[in-house]
Each structure stands twice: as C-alpha cells, then as structure tokens.
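Notes follow once the structure below has been shown.
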Amino acid sequence: MKRLLVILLFLSVIPFSLQAQEGEAIFIAEDVKYDSGGSINLIWTVPDLEQNLILEIFRVFGETEGKIIQTPDASGRFTDRNLDYKGSYYYVLRAVNPEGEIFQEWTTETIIPAAAWFDWSKLIVLIALVIIFALITHYIKAAKRGVEFTIRKIPALESVDEAIGRATEMGKPILFVPGIMDIDDVQTVAGIIILGEVASKTAAYDAILNVPVSRSMVMSTARETVKESYLKAGRPDAFNENMIHYLTDDQFGYVSGVDGIMAREKPAAIFMLGTFYAESLILAETGNSIGAIQIAGTAMPSQLPFFIAACDYTLIGEELYAASAYLSHQPHMLGALKGQDMAKLLIMVILIIGTILTLLFPELGIVELFANIG
C-alpha cells in the first residue's frame, strides 16, 4: 500500500515538475515519435525577452555548430529535419543584441533522433486490415467448399448475354471500349477483366469482337486476356490478335477513331467499361444514334449522368469492380466480394457504435483516438 501511495504521489508531481516557474525560460528538444528517424522537435519560451534582443537557435553535432533558425518570437516550435538518425545532437538557444553579443543562452540535453520500427498510433489500422484479410480468406474458402452466396441482380450484367446474342443474330460486331487510361488504372483493370468474360461468350457464340484501345500496354494485356478466353472456350482458331488494335494516345483523337468505327461498322452491342472523362457523352451519343445496345460502367461520378442518360444499362461505381465475380462465378472472386461486403458492414457497425458512444460519453476521447490515425 505504501508503494502504491509513493507511486501515485510521484505521478502527481511529474506534471508540475515539467512546468516552468512563472518568468522562467523553457528550451526543450524532443525526438519525433514514430518516424523513420532524423527529426527533432524544439520547443522554447522566453517570457522576459527584452525588446532589443533577438533569438538564435544553433544545432551542435560533434564539433560542428550551425545556426538553424533566427526568430523574434519569444515562444515557438520548430522541427529540425534530415538529421543523422544515429547521431547525437544538442541545441543552444541564444538571446543576442543587434551587435551579436550574447546576452543569455540555454542548452538542451543531448538527444538522438531515433528511428521507430512501428508506428503504434496506427495499431488500429493494422487490426482493421487483419480483420478484413481474415474475412476475405474465410469467405474464399467457404466459396471453394461450395457454399452459395446470394448476389444482388445487376440489370447491366444480366443483359450481357442478351446484347451478345442480339449481335450474333444480326451478324454485326461487338464493340468493347476499355476507357482511355493505362493499365495502372484500377478501372482499366476492371474493364479488362470484364472483357475476358465477354470474350468467352463471343467465342462461344462465334460473334465478332472489336476492341480499340488508346494505350499500348492495355493492348498487350487485352490481347492476352482475350486469347486466354478463346482457349478456355475451346475456340483458339477463332482468335485473331487484330481484334484488339491500337488507335492513338490522344484523348479526342481516340474518341474520333472509335466514333468512326461506330459509324462505319454499326455494331449491335457496345460495351464502355473503364475510366472516362469528357469523351463519355460523345461516345454514348454516337452509340445511341446507331441504335446499339449500350452497356457502360465507370467509377467517375462526373461521367455517370451521361452514361445513364444515353446508354441502356450502366454499372455505377463499385458495380464495375464486382462485375467480374458476377459474370464468372469463380469461387475466389465471389469469396473476395463477400468478404469485402462483410468488412464494410463491420466498419459501418463500428462507426455507428463509435458515434453513439461519442455522443453519450464524450469524455472517452474516441474522436481524438481516430483523429490520430493518419
């Protein structure tokens, strides 16, 4: 019991011992927490600074002394960066007159700007990632065991077979536009994955597929994807690498080329899935004018209204990313989709509970906890 009282008394004294007496100067050097090393925070307060004096702060490293900041402020904070994380430093705060004569000086303790292996303020992010990974892994294994997942029907994807079937019956080509961005764009990747599923159906139906692209890397990736789809469908002889052809990197030059294909070949079905900008309405209006079934999809909020107005079906936002799992029904894709949905549900529940606790018990400091993340 006596030890506990001594500890409590010691803890109660610490905050007061760190406070300077009224009128006393403070000059402290602190290592920046949870960084890669090389940064030190300096905090100073000189309450009785005379008007004709200025402050100068010097960094001392070994035998080297250099001025790093000169300020007329009597109180302030400064972060000294790009230091040697293995080196030892101390700082000198000097009050000097205009002639450079030292009136008074204060020195910090020697400090090493250590590097931290872990940022413990981000621990909650690590926990969230582990939970999301565990959920995705669990549902992928469940899907591989044959567990059936309920997937909401998406009209745009339900109509894929109808669009390809109509083009086949009419003997007209199918036009697939994977957006205008390169393969490093996630929407382009989603569009290429959907292209693989569309190519499987065109191979089965013996339909004509035309894929104009605006990036060389997208062309190479799309060719390999379509080739693999034709091989899986048992129609390698029907594959022609000229189905996927390059037009130009220029935005409106590419749009003009695609519009020309629409006007000349008059495809019966047009797929526009990927990243689109100002060209979305030009493409959609041209496709609408030739009477084609148009299925569009993008995660660009500013372009969705144009697709919704001019196309028959539109994939909105995350529906574009879920389309590959929806069309292929592959266990690993369905499991990943289910795991992500459950993770979103869990995050929503946590946010609701956190909001309620913050409103009812503000003293818990939940807002400050999440504010420190990031």
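All of the numbers you see were taken from the coordinates with simple rules; none came from a lab. The structure presented is a predicted model; accordingly, all values stated were derived computationally and were not measured. Reconstructed Cβ throughout: ideal geometry from the backbone, glycine too, with neighbour counts over all protein chains shown.
For the chain, what relative contact order do you get, as a whole percent, if you take Cα pairs closer than 8 Å and at least 6 residues apart?
14 percent
Give the residue list of GluC sites (Glu not before Pro) in the range 132-184 that are DSSP loop and have at most 14 other beta-carbon atoms within 10 angstrom.
GLU148
Among the lysines, which fall within straight-line cross-link reach of LYS33, defined as a Cα-Cα distance under 16 Å, with same-chain neighbours fewer than 8 residues apart omitted?
Once the sequence-local lysines are set aside, what remains near LYS33 is LYS86, LYS122.
Residue by residue through the range 157-170, which ³J(HN,Hα) values in whole Hz follow from phi under the Karplus form 6.51 cos²θ - 1.76 cosθ + 1.60 (θ = phi - 60°), with glycine and proline marked x?
Using θ = phi - 60°, the values come out as 7, 5, 8, 4, 4, 4, 5, 5, x, 5, 4, 5, 4, 7 Hz.
Take the chain, mark every one of the trypsin sites (Lys or Arg not before Pro) that falls in a DSSP loop and has at most 12 other Cβ within 10 Å, then report the longest stretch left between them, sites excluded.
For trypsin sites (Lys or Arg not before Pro) (loop position, at most 12 other Cβ atoms within 10 Å), the longest site-free span of the chain is 154-374.
May I ask for the Kirkwood hydrodynamic radius of the range 20-107, worked out over all distinct Cα pairs and given in angstroms to one decimal?
Roughly 13.7 Å, rounded to one decimal.
Taking the 0 to 90 degree range and rounding to the nearest ten, how far is the long axis of helix 123-144 tilted relative to the main principal axis of the chain, both from C-alpha atoms?
In the chain, helix 123-144 runs at an angle near 20 degrees to the longest axis.
Just to confirm the filter: which chymotrypsin sites (Phe, Trp or Tyr not before Pro) across the range 97-132 are DSSP coil and have at most 11 other Cβ within 10 angstrom of their Cβ?
TRP117, PHE118
Fewest Cβ neighbours within 10 Å first, please rank LEU359, LEU231, LEU157 accordingly.
Ascending number of Cβ neighbours within 10 Å: LEU359, LEU231, LEU157.
Report, in debye and to the nearest 20, how large the dipole of the range 20-107 comes out about its Cα centre when Lys and Arg carry +1 and Asp and Glu carry -1 on their Cβ.
Roughly 400 debye for the range 20-107.
Can you tell me which lysines have their Cα less than 21 Å from the Cα of LYS266? Leave out same-chain residues fewer than eight positions away.
Excluding near neighbours in sequence, the set is LYS172, LYS201.
Rounded to the nearest 500, what is the 222 nm mean residue ellipticity of the chain from helices alone, with -39500 (n - 2.57) per DSSP H run of 4+ residues and division by all residues?
The helix-only estimate for the chain comes to -14500 deg cm²/dmol at 222 nm.
Write down, largest first, the equivalent ellipsoid semi-axes of the chain in whole Å, where each equals the square root of 5 times an eigenvalue of the alpha-carbon gyration tensor.
Taking √(5λ) for each Cα gyration eigenvalue gives 64, 28, 19 Å.
Of SER200, TRP44, ALA114, whose Cα points farthest to the positive end of the dipole of the chain (charges on the beta-carbon: +1 Lys, Arg; -1 Asp, Glu; origin at the Cα centre)?
SER200
Take every Cα-Cα distance within the range 242-374, group them into 10 Å bins from 0 onward, and report for each bin the whole-number percent of pairs it holds.
Computed distribution, short to long bins: 11, 27, 24, 18, 12, 7, 1.
What ³J(HN,Hα) values, in whole Hz, does the Karplus curve 6.51 cos²θ - 1.76 cosθ + 1.60 give for the range 317-329 when θ = phi - 60°, with x put for Gly and Pro?
x, 5, 4, 4, 6, 7, 4, 4, 5, 5, 7, 7, 6
Quick check: convex hull over the Cα atoms of the range 160-311, volume per residue in Å³, rounded to an integer?
Each residue corresponds to 92 Å³ of Cα convex hull volume.
Can you find, among ILE261, TYR34, LEU281, the residue sitting farthest towards the positive end of the charge dipole of the chain, where Lys and Arg contribute +1 and Asp and Glu -1 at Cβ?
About the Cα centre, the residue reaching furthest to the positive side is ILE261.
Cα centroids of the range 162-219 and the range 264-316: how far apart, whole angstrom?
For the range 162-219 versus the range 264-316, the Cα centre distance is 13 Å.
Excluding residues on the same chain fewer than 8 positions from LYS344, give the aspartates and glutamates whose Cα lies under 13 Å from its Cα.
Answer for LYS344, where 13 Å is the Cα cut-off: GLU318, listed by chain and number.
Could you tell me which residue out of PHE103, LEU123, LEU346 lies farthest along the dipole of the chain toward its positive end? Charges go on the beta carbon: Lys and Arg +1, Asp and Glu -1, centred on the Cα centre.
After comparing all options, I get LEU346.
With +1 on the Cβ of every Lys and Arg and -1 on the Cβ of every Asp and Glu, and nothing else charged, how large is the dipole of the range 160-311 about its Cα centre, in debye rounded to the nearest 20?
For this selection, approximately 320 debye.
With charges set only on the Cβ (+1 for Lys and Arg, -1 for Asp and Glu), what does the dipole of the chain come to about its Cα centre, in debye to the nearest 20?
1840 debye
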